[in-house]
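The values are calculated or read from the model by the stated rules, or taken from the named source; none is laboratory data. Computed from a predicted structure; not experimentally measured. Counting neighbours? That spans all protein chains shown, and the Cβs are built from the backbone with ideal geometry, glycine included.
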Amino acid sequence: MTNLLEVENVFAGYVRDFNILQGINFKIAPGELVAVIGPNGAGKSTLAKAIFGLLTPNQGKIIFKEKNIAGLKSNQIVRQGMCYVPQLSNVFPSLSVEENLEMGAFIGSGSLQSRIKQVYAMFPVLANRRRQRAGTLSGGERQMLAMGRALMLNPDLLLLDEPSAALSPMLVSSVFEQIQAIHQTGKAIVLVEQNARKALEMAERGYVLESGRDAREGSGKELLNDPKVGELYLGAAYRNTYPSSVTFRVKE
């Protein structure tokens with residue numbers, strides 16, 4: 001199967017001659033859900049921004065639908081069939097829920113109301129808040145609105161950057177349930193997430209970033225059961241589970 005997206009040996013950063021990403025390689029197939037985990041500063045959000053054209057790589061290729069999109073602007077990438085939901089500032093707070101959804105379809109074609117109804121069917125809470133200003137929504141509702149707005153263009157690939165950040169445990173569970181529901185419609189999703197356990201539990205594959213490099217990769221189940229990943233990212237319960245002689249599978 002041809003990959004939907006391939007990131008090949010990408011170096012990128014925010015300051016000239018200083019790369020946060022140090023030769024990242026990454027891929028996702030059509031309809032796949034891939035998690036990207038790692039500590040703060042590992043380059044997770046930087047990778048998402050580089051993929052979506054918010055950051056131009058200094059080296060390497062980003063192949064989307066068999067075309068190199070490295071260097072394209074984000075508005076051009078949206079037209080190729082990719083949408084991005086940032087961690088912060090992901091809704092228009094002064095606009096209503098429905099107006100936010102309408103803004104999400106700014107380059108779309110077909111029936112606007114039909115697409116809005118589809119989003120409301122997936123996120124019923126938004127239908128109940130349709131006339132409410134987005135700035136008055138709870139954190140979890142804002143995340144649902146941001147994802148719903150991205151879905152208005154029916155993208156082939158959805159990039160989610162830390163969707164559970166700063167949410168209560170109850171809201172985290174709700175947002176992850178919605179992500180799973182989106183994935184079940186056949187959408188490919190790149191899930192950049194600090195909640196490593198939740199992300200890997202639902203992901204078909206995952207990548208662990210360390211210091212701007214893709215240090216580990218494997219199925220979600222493999223990474224959940226990798227004692228080194230568990231010790232570093234999945235909680236203290238792993239620390240006394242495995243003997244020190246265990247050999248970890250690390251990407252060369």
**Q.** Which numbered condition Ile69 misses (of (1) crowded, with 16+ Cβ neighbours inside 10 Å; (2) at pLDDT 95 or above; (3) under 30 Å from Leu234 (Cβ atoms))
**A.** (3)
Q. Going by the conditions given, is Gly43 of a type in the set (Gly, Ala, Ser), closer than 26 Å to Ser219 by Cβ and in contact with a Lys or Arg (Cβ under 9 Å, 6 or more places away or on another chain)?
A. yes
Q. List pairs: first in the range 12-32 and over 18 Å from Ala42 (Cβ atoms), second surrounded by 14 or more Cβ atoms within 10 Å (Cβ to Cβ) and not aliphatic (A, V, I, L, M), Cβ under 6 Å, 6+ apart or cross-chain?
A. Lys27/Asn3; Lys27/Glu6; Ala29/Asn3; Glu32/Glu204
Q: Identify all residues within the range 174-184 that are more than 15 Å from the chain's Cα centre (by Cα) and free of Cβ contacts under 8 Å to residues at least 12 places away in the same chain; write none if there are none.
A: Gln184
Q.
If I filter the range 136-159 for residues that are among the polar types (S, T, N, Q), at pLDDT 95 or above and over 22 Å from Val36 (Cβ atoms), do I get at least one hit?
A. yes
Q.
Going through Ala35, Ala42 one at a time, which residue ends up being crowded, with 20+ Cβ neighbours inside 10 Å, touching a residue at least 60 places away in the same chain (Cβ under 8 Å), touching a Ser or Thr at 6+ places or on another chain (Cβ under 7 Å) and hydrophobic (A, V, I, L, M, F, W, C)?
A. Ala42
Q | Near pairs, Cβ below 7 angstrom, 6+ apart or cross-chain, from the range 202-216 (in contact (Cβ under 8 Å) with a residue 40 or more places away in the chain and under 19 Å from Ala29 (Cβ atoms)) to any residue that is surrounded by 23 or more Cβ atoms within 10 Å (Cβ to Cβ) and of a type in the set (Ser, Thr, Tyr) | A | Asp214/Tyr207
**Q.** Subset of the range 71-96 [over 25 Å from Asn58 (Cβ atoms) and touching an Asp or Glu at 6+ places or on another chain (Cβ under 8 Å)]
**A.** Gly81, Val85, Phe92
Q. Limited to the range 185-201, what total is found for residues that are in contact with a Phe, Trp or Tyr (Cβ under 7 Å, 6 or more places away or on another chain) and without any contact (Cβ under 8 Å) to a residue 60 or more places away in the chain?
A. 1
Q) Using beta carbons and a limit of 7 Å, which pairs, at least six apart or on different chains, have the first residue in the range 145-156 and under 19 Å from Ser94 (Cβ atoms) and the second one among the polar types (S, T, N, Q)? A) Leu145/Asn100; Ala146/Asn90; Arg149/Asn100
Q) What are the residues in the range 165-177 that are outside any loop (DSSP other than H, G, I, E, B) and aliphatic (A, V, I, L, M), if any? A) Met170, Leu171, Val172, Val175
Q) Listed residues Ala165, Ala188; which is aliphatic (A, V, I, L, M), under 17 Å from the mean Cα position of the chain (by Cα), buried (at least 20 other Cβ atoms within 10 Å of the Cβ) and under 27 Å from Asn40 (Cβ atoms)? A) Ala188
(Q) Among (1) within 22 Å of Asn90 (Cβ to Cβ); (2) surrounded by 20 or more Cβ atoms within 10 Å (Cβ to Cβ); (3) touching a strand residue (DSSP E or B) at 6+ places or on another chain (Cβ under 6 Å); (4) of a type outside the set (Phe, Trp, Tyr), there is one condition His183 misses while meeting the rest; what is its number? (A) (2)
Q) Just a yes or no: is a residue in the range 81-101 in contact with a Pro (Cβ under 6 Å, 6 or more places away or on another chain), crowded, with 22+ Cβ neighbours inside 10 Å and either farther than 22 Å from Leu145 by Cβ or without any contact (Cβ under 8 Å) to a residue 40 or more places away in the chain (or both)? A) no
Q. Ala134 fails exactly one of the following numbered conditions: (1) over 23 Å from Leu4 (Cα atoms); (2) surrounded by fewer than 22 Cβ atoms within 10 Å (Cβ to Cβ); (3) touching a Phe, Trp or Tyr at 6+ places or on another chain (Cβ under 8 Å). What is the number of that condition?
A. (2)
